[in-house]
1. Pop out the ³J(HN,Hα) list for region 10-15 in order, Karplus 6.51 cos²θ - 1.76 cosθ + 1.60 with θ = phi - 60°, rounded to Hz; leave Gly and Pro as x.
2. Tally Lys and Arg at +1 and Asp and Glu at -1 over the other residues with C-beta under 12 Å from the C-beta of residue 53: what net charge comes out?
3. Please work out the C-alpha center-to-center distance from region 61-133 to region 227-264 and express it in whole Å.
4. Below 18 Å, Cα to Cα, which lysines can residue 41 reach? Residues fewer than 8 away in the same chain don't count.
5. Check which residues have an amide H placed less than 5 Å from residue 237's amide H, if you skip close sequence neighbours.
6. Would you rank 124, 108, 98 by solvent-accessible area, highest first, keeping every protein chain in place and using a 1.4 Å probe?
7. Binning at 5 angstrom from zero up to the longest distance, how are the C-alpha pair distances of the chain distributed in percent?
8. Are there any trypsin sites (Lys or Arg not before Pro) in region 103-185 that are in a DSSP loop and have at most 13 other Cβ atoms within 10 Å? List them by number.
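The values are calculated or read from the model by the stated rules, or taken from the named source; none is laboratory data. All values derive from a computational prediction rather than experimental measurement. Neighbour counts are summed over all protein chains in view; Cβ atoms, including those assigned to glycine, are modelled from backbone coordinates with ideal geometry. In case anyone asks, the SASA skips ligands and DNA or RNA and just uses the protein heavy atoms, side chains included. Shrake-Rupley method; radii C 1.70, N 1.55, O 1.52, S 1.80 Å.
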Amino acid sequence: MVDKTVEQVEVVVDEAMLAPLGWAITEVRARLVTEPTSSGKVVQSVSVAGTAVFDPEEWVDRFSQLGDAPHVMVTLQGRDLPGLSLAGLLIRDRIGITTRQSVRFTETSRPWHVGDPVAASVLTVRITGYDLDSTRLVTFGTPAEPHTVLPVTVIDETTRPAMRVSAIAHAEIAGSGLTENLGLSLSGVVELDPADDADVPVFDVEITDETDFLLLKNKVQLFGRVSATHRRDPTFLACFTADVHGFAGTPTRAVVRIRDAAVR
């Protein structure tokens, strides 16, 4: 049997998103690992490793209420590979927000099994960050096959005239049989008029079948607040997966309702 092969993968660092969060990637590499299996297929995965530096003095606008440094996120994108690439956490450690710190990181994607191996030349690892995020233990990787895109409707039900949420949502069903999963990604910006402050809204996600039977309801909370002294608008990312096998029907539609945060 042929031994596994290791190839370099292109890495793109989104400095424009990371710099306002106080993060700088000082060194990073990514590798595609391909290993044959007894079934005649191959199993592949991508590992990312490197070093990052967090500088609290560069993190001027702070929106999170959780008391930690912002997370660093990673996605794996494939040219001509259709489907949704969910983001996973690359740096998930609890990082103090008062001192400059250097962090070594490593993360491996979820594996995929294919008869025809994906070439390293079509893959790109992207490292980025958001002011606020909720990933629900999502592991980054290539889109699973087969996949079915679900239409998503985003409805803004917030009541504050000074606040506007610009959001883009994608959802799909990927895999087959017992490995069939729902994946949903929601990203955007919370815009708030100057000299105003507010808690960041929550997102209620509803998954229904063709008869509008509610199969899943999931509340996404970002635990953020925009102060009256903010100089830029916070970015956000939320994504999660769910096991379709346990649903009481076939998902055909997703609705995301943007609602005011609960009054404290």
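1. Listing the rounded values in order: 4, 10, 10, 9, 7, 5 Hz.
2. Details: positive: 100, 104; negative: 27, 55, 57, 58.
Summing Lys/Arg as +1 and Asp/Glu as -1 gives -2.
3. Cα centroid of region 61-133 versus Cα centroid of region 227-264: 19 Å apart.
4. 4
5. For residue 237, the qualifying residues are 132, 133, 134.
6. In descending accessible area the options line up as 98, 108, 124.
7. Final binned percentages: 1, 6, 12, 15, 16, 15, 14, 11, 6, 3, 1, 0, 0, 0.
8. Details: sites: 104, 126, 136, 164; in loops: 136.
Here the trypsin sites (Lys or Arg not before Pro) that fit, given the DSSP loop and packing criteria, are 136.
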